[in-house]
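K.L.:
Take a look at this one; I'll ask things after.
The values are calculated or read from the model by the stated rules, or taken from the named source; none is laboratory data. These numbers come from a predicted model, not from an experiment. Note that each Cβ is placed from the backbone with ideal geometry, even for glycine, and that neighbours are counted across all protein chains shown.
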Amino acid sequence: MEAKRALIGPGYADLSIAQQCELLVLVRSGYYYESVPESEEKLLLMRLLDEQYTRTPFYGARTMTAWLHTQGYLVDRKRVRRLLRLMGLEVIYHKPKTSVPGLSEQRYRYLDNLLSR
């Protein structure tokens, strides 16, 4: 998108900006859009969450929110969850009974002779 925006120039007398955007298959709002940089508060929270996750990767969103409250940052659990997902951090915990065989794992001895043929 940035490459397309660089090709458009207001100095062309015979082509308007709308026509140039149409030729490049770029919406006009995309030409005028300027991205907003991340806020300092959001970057600070992300840095704090990353440092705490490095120390305790088993903390979930609720525990991270409680920890941030002890540090003096009043944030919502939904915001913490969104920031953790944005950074790609996932809680490390035991999954429920993944190595326990179920009832379908029963052995039928009378079938052993039929299956070995």
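K.L.:
Confirm whether TYR110 is at pLDDT 95 or above, hydroxyl-bearing (Ser, Thr, Tyr) and in a helix (DSSP H, G or I).
P.N.:
No; evaluated as a whole, the condition is false for this residue.
K.L.:
Could I ask something else about it? Please go through the stretch 63-76 and give me each residue that is exposed (fewer than 14 other Cβ atoms within 10 Å of the Cβ) and either within 19 Å of the chain's Cα centre (by Cα) or modelled with pLDDT under 95 (or both), ordered by number.
P.N.:
Residue satisfying the conditions is ASP76 alone.
K.L.:
Right, here's the next one. Just checking: which of the helices (runs of 4 or more DSSP H) contained wholly in the stretch 1-62 hold 2 or more residues that are modelled with pLDDT under 90 and exposed (fewer than 11 other Cβ atoms within 10 Å of the Cβ)?
P.N.:
Output list reads 2-7.
K.L.:
From (1) surrounded by fewer than 14 Cβ atoms within 10 Å (Cβ to Cβ); (2) free of Cβ contacts under 8 Å to residues at least 12 places away in the same chain; (3) of a type outside the set (Asp, Glu), pick out the condition that doesn't hold for LEU86.
P.N.:
Every listed condition holds for LEU86 apart from (2).
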